[in-house]
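Presented below is the structure to which this report refers.
The values are calculated or read from the model by the stated rules, or taken from the named source; none is laboratory data. These numbers were taken from a predicted model, which means no experiment stands behind them. Here Cβ is always computed from backbone atoms with ideal geometry, including for glycine, and neighbour counts include all displayed protein chains.
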Amino acid sequence: MSSSSSHEAKFRILDGLLRPKFLAVVGASGTPGKLGYTVLKNILANGYEGTVFPINPNETEILGLRVYKSVLDVAGDIDAAVICVPAKLCAQVAEECGKKGVRGLIVITAGFSEVGRKNLEEELVAISRRYGTRVLGPNIVGIMSNSDKLNASFAPFLPFPGKPSLVSQSGALIVAMDAATYFRGIGFDKMISVGNMADVDFADCVEWLDADSNTTCISLYIEGVKNGRRFIDAARRVRTPIVALKAGVSAQGAAAAASHTGALAGAAKVYEAAFKQSGIVEADNLNVLFDRGLALSLQPPMRGGNLFILTNGGGVGVLATDAAEKFGLPLQSAPADLQAELRKHMPEYGSAKNPADLTAMAGKDWYYDCVKAILRHAWVDGLVILYCETSLTVPMEVAQSIHKGIQDSGMSDKPVAIAFVGGEQSGECLHWFIEKGLPAYDVPDKAVNAVAALREHSKLRMLVTEILPEPGKPIPEAAQDVIAAVRAQGRRVLTEVEAKEVFASYGLPVAATVLAKTEDAAVKAARDIGFPVVLKIVSPDILHKSDAGGVKLNIKDDDAVRSAFRNIMAGAKSYKAGANIRGVAVQQMAPAGTEIILGSVIDPSFGPTVMFGLGGIFVEVLKDVTFRIAPVSLTQAGRMMDEIEGAPILAGARGETPRDRDALAELITVYSRMIMDLEDDIAESDANPVFVYEKGRGLKVVDARIILKKR
Ligand code: COA
């Protein structure tokens, strides 16, 4: 099968699963209160236009429908089957569904891997795979779709209608959010519960929802992605905006980590990186997931950074200004011609800067004129409109004229968000705005955050078109030889010299280093490399070389080499009796530069992951580091440099010359390729420190570490 036809086939199957026309309910029950009863009742409650087949061996009719003993007794096709029988019966049901040619199972049943019964889950998936049946769940609430009038779940009702669709790993959260859509007035078209994700996962849902014309934003509630790379690939491909909330962001496995990178690579940092690389806008809590999802589902991306704020109250204007700064859209003063135009529509004591304050006297006409003028001005990229309820104005009248102003501006490609701060009347206006396609909120910072999401979306989407470092080049032989030799000796930790050989095989600029076993060899190596040199102990048993007196810097002649060699050897022996000492590394004394650290770990979900930060206290005390999933493009490498707190140091703080960013970007990119190529072998690695020199002068990897995976 060609890849495009297999893609189509996969799509047809998911369509059958998530938009079924013929739907069986296996375990449908006639007993009110039982899950199989509730699900069937819910399916029938909302005007679902498909055909429903209740399946139960002991019943003949439930809720007025004919009941079948098995799916095999149904004459026609079945697209999907909702499974409501106990876990121990699911394998047999999956077998029957497979034979029947059912495309997908919606397995509500709990009691699988989430309670340690992994084998039951694997059996269910194995049977389904044999027949090409897809499995949603198990351990889910079900699926809901407003546009299909289908509630195939045990959540009590369909959500308030909206344009985003939600995919959630937590079933309880779906039920809770379902109810919350009504009082928030922020709805969903679809709510899909993915539960244990034994088969259908976020990547499948994201791709399928991207093709769904009723979904204009994909909202994700994520606890843990199983196949991170597949997820990133899918998210990068889709055009529909995605907003995700990642729960459980405490540092995982940090205690057991053997390197800086391992200790710093918490789930929060790695997911943040994955989202950035796949164009996903982040939400940091449930409220923000609703608010950002609403804006992304209704408004176009914000293509530039010029946000304008229009208000009738100074206080909310200040709050919005603070929020703009916080969310990365600091306000700039409006151009003089725009200010002049706005001054025509406000009292003398108003302000036409940014925020523009129409004052409490602002009537509907001023709002109309200003909204139109602001949106039409080329400088403006996005607009937040604030209104405080006063007894001088009628909120709905103001709302209507704002809407008209937006429409009459003809600028449908610039995003707008609204905050009406007040009581019941303002609340009604918010619902009205949302119906008209305008994201509207009860406080100013939510509106600003919403527009910031549209800006982030625009920036992230530009990035995902970046060029990734080319895969598929042969792994350098030198790297393979070093790793094979280390493994043959039963070791997992490479010596510095070995690690540098691997780095060097990828063309990374390491400080020249030679292993010397004798004093004479050390002198020869020092002469070959050129003075001054550094001497360091090489022993897999001594990780902290300085503590063992194992590092001597700035050695300038033959005699100094000899005495340093002797001191190091003696120090090492007394530091750890019986240590396996391989010799002394003679290394080029690289001129000092700005110290940075690069590191890598294998993340359980996303695989090889790169860390970057400034060295020394920046990494050790301030933990000022950032991550990306390998491979890292040059663009992403540049963003890594920009987003650490210490960015100004690289840019040339306090009159210093800027550092060589191009060389650094190249280093990050090639390093990311190296750890991907060698992902079967390398568990953790770092280049620490790397000295980065002035722009145009490159950099040097001064020390390197590689720890191999267990075999
Ligand atoms: N085909 C069809 N129906 C079958 C069947 C088969 N092979 N074998 C049994 N049934 C029927 C039963 O007779 C029963 O119908 P009845 O009420 O007419 O007797 C029905 O299926 C359900 O079986 P039952 O044994 O009564 O199970 P139950 O209703 O007590 O529990 C689940 C079933 C699925 C609700 C339960 O196992 C479960 O998983 N609950 C948790 C659900 C959950 O929390 N999901 C995650 C949410 S996030």
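Being under 25 Å from the mean Cα position of the chain (by Cα), surrounded by fewer than 21 Cβ atoms within 10 Å (Cβ to Cβ) and touching a residue at least 24 places away in the same chain (Cβ under 8 Å) is a description that does not apply to Val141. Scanning the range 644-672 for residues that are in contact with a Leu (Cβ under 9 Å, 6 or more places away or on another chain), among the acidic types (Asp, Glu) and more than 16 Å from Phe627 (Cβ to Cβ) turns up Asp660, Asp662, Glu666. Among the residues of this structure, Val632 does not count as one that is in contact with a Phe, Trp or Tyr (Cβ under 6 Å, 6 or more places away or on another chain) and crowded, with 17+ Cβ neighbours inside 10 Å. Taken over the range 154-196, the criterion of being of a type outside the set (A, V, I, L, M, F, W, C), outside any loop (DSSP other than H, G, I, E, B) and either within 10 Å of the ligand (Cβ to nearest atom) or surrounded by fewer than 23 Cβ atoms within 10 Å (Cβ to Cβ) (or both) is satisfied by Ser168, Gly171, Thr181, Tyr182, Arg184, Ser193.
Any chance the range 1-9 includes a residue that's in contact (Cβ under 8 Å) with a residue 24 or more places away in the chain and part of a loop (DSSP other than H, G, I, E, B)?
Initially, the range 1-9 is screened for residues in contact (Cβ under 8 Å) with a residue 24 or more places away in the chain, giving none.
Checking the range 1-9: not a single residue is in contact (Cβ under 8 Å) with a residue 24 or more places away in the chain and part of a loop (DSSP other than H, G, I, E, B).
Which ones in the range 1-51 are within 23 Å of Asp73 (Cα to Cα), surrounded by fewer than 20 Cβ atoms within 10 Å (Cβ to Cβ) and among the aromatic types (Phe, Trp, Tyr)? Of everything in the range 1-51, those that are within 23 Å of Asp73 (Cα to Cα), surrounded by fewer than 20 Cβ atoms within 10 Å (Cβ to Cβ) and among the aromatic types (Phe, Trp, Tyr) turn out to be Phe22, Tyr48.
Return the residue satisfying two criteria in turn: it lies in the range 522-542 and is buried (at least 17 other Cβ atoms within 10 Å of the Cβ) and free of Cβ contacts under 8 Å to residues at least 40 places away in the same chain, and of such residues it is nearest to the chain's Cα centre (by Cα).
Filtering the range 522-542 down to residues buried (at least 17 other Cβ atoms within 10 Å of the Cβ) leaves 522-523, 525-526, 529, 533-540, 542.
Of the ones still in play, those that are also free of Cβ contacts under 8 Å to residues at least 40 places away in the same chain are 523, 542.
Values: Val523: 52, Ile542: 38 Å.
Here the residue is Ile542.
Taking residues in the range 166-177 that are under 20 Å from Ser297 (Cβ atoms) and touching a residue at least 12 places away in the same chain (Cβ under 8 Å), and partners anywhere that are within 11 Å of the ligand (Cβ to nearest atom) and assigned to a helix (DSSP H, G or I), the pairs with Cβ atoms closer than 7 Å and at least 6 places apart or on different chains are Ser168/Ile174. Taking first residues from the range 321-338 that are farther than 13 Å from Val451 by Cα and partners that are assigned to a loop (DSSP other than H, G, I, E, B) and among the basic types (Lys, Arg), the Cβ contacts under 8 Å between residues at least 6 apart in sequence or on separate chains come to Ser333/Lys353; Ala334/Lys353.
What helices (runs of 4 or more DSSP H) lie completely within the range 414-510 and have 2 or more residues being under 30 Å from Asn306 (Cβ atoms) and in contact (Cβ under 8 Å) with a residue 40 or more places away in the chain? Explain how you work it out, then say what you get.
Working: elements: 424-435, 444-463, 477-488, 496-505.
Those helices (runs of 4 or more DSSP H) span 424-435, 444-463.
Restricting the search to the range 374-413, which residues are of a type in the set (Asp, Glu) and either within 17 Å of Ala447 (Cα to Cα) or outside any loop (DSSP other than H, G, I, E, B) (or both)? Matches in the range 374-413: Asp381, Glu389, Glu397, Asp408. Every condition in (1) crowded, with 24+ Cβ neighbours inside 10 Å; (2) more than 9 Å from the ligand (Cβ to nearest atom) holds for Gly132 except the one numbered (1). Within the range 674-699, restricting attention to residues that are of a type in the set (D, E, K, R) and crowded, with 20+ Cβ neighbours inside 10 Å, which residue is nearest to Leu614 (Cα to Cα)? It comes out as Asp686.
All conditions in (1) crowded, with 17+ Cβ neighbours inside 10 Å; (2) over 17 Å from Ala295 (Cα atoms); (3) at pLDDT 95 or above hold for Glu397, with the sole exception of (1).
Table: residues versus (1) assigned to a strand (DSSP E or B); (2) in contact with a Lys or Arg (Cβ under 6 Å, 6 or more places away or on another chain); (3) of a type outside the set (A, V, I, L, M, F, W, C); (4) more than 25 Å from Asn688 (Cβ to Cβ).
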{"residue": "Ala525", "(1), (2), (3), (4)": "no, no, no, no"}
{"residue": "Lys552", "(1), (2), (3), (4)": "yes, no, yes, no"}
{"residue": "Ala560", "(1), (2), (3), (4)": "no, no, no, yes"}
{"residue": "Asn567", "(1), (2), (3), (4)": "no, no, yes, no"}
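Could you list, in sequence order, the residues of the range 136-146 that are within 14 Å of the ligand (Cβ to nearest atom) and closer than 21 Å to Phe22 by Cβ? Matches in the range 136-146: Leu136, Gly137, Ile140, Gly142, Ile143, Met144. The set of residues in the range 310-365 that are of a type in the set (Lys, Arg) and surrounded by 21 or more Cβ atoms within 10 Å (Cβ to Cβ) is empty. Of the residues Gly578, Gly571, Gly599, Gly607, the single one that is at pLDDT 90 or above and on the phi > 0 side of the Ramachandran plot is Gly607.
The C-beta contact set for the range 17-44 (first residue modelled with pLDDT of 95 or more, second residue near the ligand (Cβ under 6 Å from one of its atoms) and part of a strand (DSSP E or B), distance under 8 angstrom, 6+ apart or interchain) comprises Ala24/Ile55; Val25/Ile55; Val26/Ile55; Gly27/Ile55; Ala28/Ile55. Can you tell me which residue within the range 646-671, out of those that are modelled with pLDDT of 90 or more and assigned to a loop (DSSP other than H, G, I, E, B), is nearest to the chain's Cα centre (by Cα)? Out of the qualifying residues, it is Asp660. Within the range 580-596, the set of residues being of a type in the set (A, V, I, L, M) and surrounded by 16 or more Cβ atoms within 10 Å (Cβ to Cβ) comprises Ile581, Val584, Ala585, Val586, Met589, Ala590, Ile596. Taken as a whole, the condition of being within 29 Å of Ala9 (Cβ to Cβ), part of a helix (DSSP H, G or I), more than 9 Å from the ligand (Cβ to nearest atom) and without any contact (Cβ under 8 Å) to a residue 12 or more places away in the chain applies to Ala126. Being within 39 Å of the chain's Cα centre (by Cα) and surrounded by fewer than 20 Cβ atoms within 10 Å (Cβ to Cβ) is true of Gly507.
I want to confirm something. Restricting to the range 606-619 and keeping residues that are buried (at least 19 other Cβ atoms within 10 Å of the Cβ) and in a loop (DSSP other than H, G, I, E, B), which single residue is farthest from the chain's Cα centre (by Cα)? So that I can check it myself, show each step before the final result.
Kept after step one, since they are buried (at least 19 other Cβ atoms within 10 Å of the Cβ), are these residues of the range 606-619: 606, 608-615, 618-619.
Add one more test, that the residue is in a loop (DSSP other than H, G, I, E, B), and what stays is 606, 615.
Values: Phe606: 11, Gly615: 26 Å.
Across the range 606-619, the extreme among qualifying residues is Gly615.
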